[in-house]
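Enquirer: Pasting in a structure now, in structure tokens, and then I'll have a few things to ask.
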Amino acid sequence: MGEINIRNFRPSDLERVAEIMALAFEGKFQSLAPMPREEMPRFLTETGAVYSSPFPGYVVAEVGGEVVGVLALKWAGQKRPPGEYPIRRAASKYGWRKVLKLFLGLWLLEYKPKPGECYIEHIAVMPGFQGMGIGTRLLEFGEEFARNNKFERLTLHVASSNERAIRLYMKRGFKTEKVTRSRITQRLFGIPEWRYMVKYLTLSM
């Protein structure tokens, strides 16, 4: 495998990033809007569920010029370009039930970071490239970004059942600070329990 390069997201990356998101979070998206696997990336782009414009903290990982991972960071007071949510057009194509259920699911997973907190909104690696250090490089970027911007902590939520991701986060110095159970996400995604994990940057310097 070639060198892993982390760079800012470009609008031309949208289709590839949508493909990565659709595959990496396939269980979540398919539970909200069941459809053939090959249609999901287009669905995510046409509903505006995948960020299509660059903003600070939105990066991709490249290997040999191929985008294979994505990371989006979020913090209080962050300024982002206004999103495009063509709900009516998407609903006419995919049906109101799928579109509204998608946005309900995304709303339930929404988290508002507190002051001093840099939150990993999502981190995903293309299947087939997992286990090659790409997730680690994205986490390293997130930590460096948070430190350079004077954040006190880097945080994330992860399903308690995602043991592989939890091991990676613990290896990078994250600790579970809170465990939350949710009947709603259990019903929607089959995920009853979430871990809120934190890495305190001021204590690890």
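The values are calculated or read from the model by the stated rules, or taken from the named source; none is laboratory data. Please read all numbers here as calculations on a predicted model, not as lab measurements. Here the Cβ is made from the backbone with ideal geometry for all residues, glycine too, and neighbour counts use every protein chain on show. The protein model used for the area step is the full one, side chains on, heavy atoms only, and it has no ligands, DNA or RNA in it. Shrake-Rupley method; radii C 1.70, N 1.55, O 1.52, S 1.80 Å.
Enquirer: Report the residue count in the range 77-89 for those that are open to solvent by less than 50 Å² (accessible area, probe 1.4 Å) and either among the aromatic types (Phe, Trp, Tyr) or at pLDDT 90 or above (or both).
Expert: Total meeting the criteria: 1.
Enquirer: Which condition number does Lys101 fail, the rest of (1) in contact with a Phe, Trp or Tyr (Cβ under 9 Å, 6 or more places away or on another chain); (2) of a type in the set (Lys, Arg); (3) within 23 Å of Ala49 (Cβ to Cβ) being met?
Expert: (1)
Enquirer: So, one more: With Arg195, Arg137, Arg147 as the choices, which residue is over 23 Å from Ala22 (Cβ atoms) and buried (at least 17 other Cβ atoms within 10 Å of the Cβ)?
Expert: On the way: Arg137 fails: over 23 Å from Ala22 (Cβ atoms); Arg147 fails: buried (at least 17 other Cβ atoms within 10 Å of the Cβ).
Only one candidate passes the filter, namely Arg195.
Enquirer: Applying the selection to the range 1-45, what residues are touching a residue at least 40 places away in the same chain (Cβ under 8 Å), open to solvent by 50 Å² or more (accessible area, probe 1.4 Å) and acidic (Asp, Glu)?
Expert: Once the filter is applied, which keeps residues that are touching a residue at least 40 places away in the same chain (Cβ under 8 Å), open to solvent by 50 Å² or more (accessible area, probe 1.4 Å) and acidic (Asp, Glu), the range 1-45 yields Glu3, Glu19.
Enquirer: One residue is enough: does the range 57-70 have a residue meeting the conditions open to solvent by 10 Å² or more (accessible area, probe 1.4 Å), under 27 Å from Arg153 (Cβ atoms) and out of contact with any Lys or Arg (no Cβ under 6 Å at 6 or more places or on another chain)?
Expert: Among the residues of the range 57-70, not one is open to solvent by 10 Å² or more (accessible area, probe 1.4 Å), under 27 Å from Arg153 (Cβ atoms) and out of contact with any Lys or Arg (no Cβ under 6 Å at 6 or more places or on another chain), which makes the answer no.
Enquirer: Something else about it: Being surrounded by 14 or more Cβ atoms within 10 Å (Cβ to Cβ), within 16 Å of the chain's Cα centre (by Cα), at pLDDT 95 or above and farther than 22 Å from Asp13 by Cβ narrows it down to one residue among Ile123, Ile166; which is it?
Expert: That would be Ile166, the only listed residue that is surrounded by 14 or more Cβ atoms within 10 Å (Cβ to Cβ), within 16 Å of the chain's Cα centre (by Cα), at pLDDT 95 or above and farther than 22 Å from Asp13 by Cβ.
Enquirer: Having 2 or more residues that are at negative phi and hydrophobic (A, V, I, L, M, F, W, C) is the bar; report the strands (runs of 3 or more DSSP E) wholly within the range 105-204 that clear it. I'd like the intermediate steps shown before the answer.
Expert: Numbers: elements: 117-125, 153-159, 175-181, 193-200.
Correct list: 117-125, 153-159, 193-200.
Enquirer: For the range 9-74, give me every one of the helices (runs of 4 or more DSSP H) that falls completely inside it and has 1 or more residues that are under 19 Å from Leu104 (Cβ atoms) and at pLDDT below 95.
Expert: Numbers: elements: 14-24, 26-32, 40-47.
Correct list: 26-32, 40-47.
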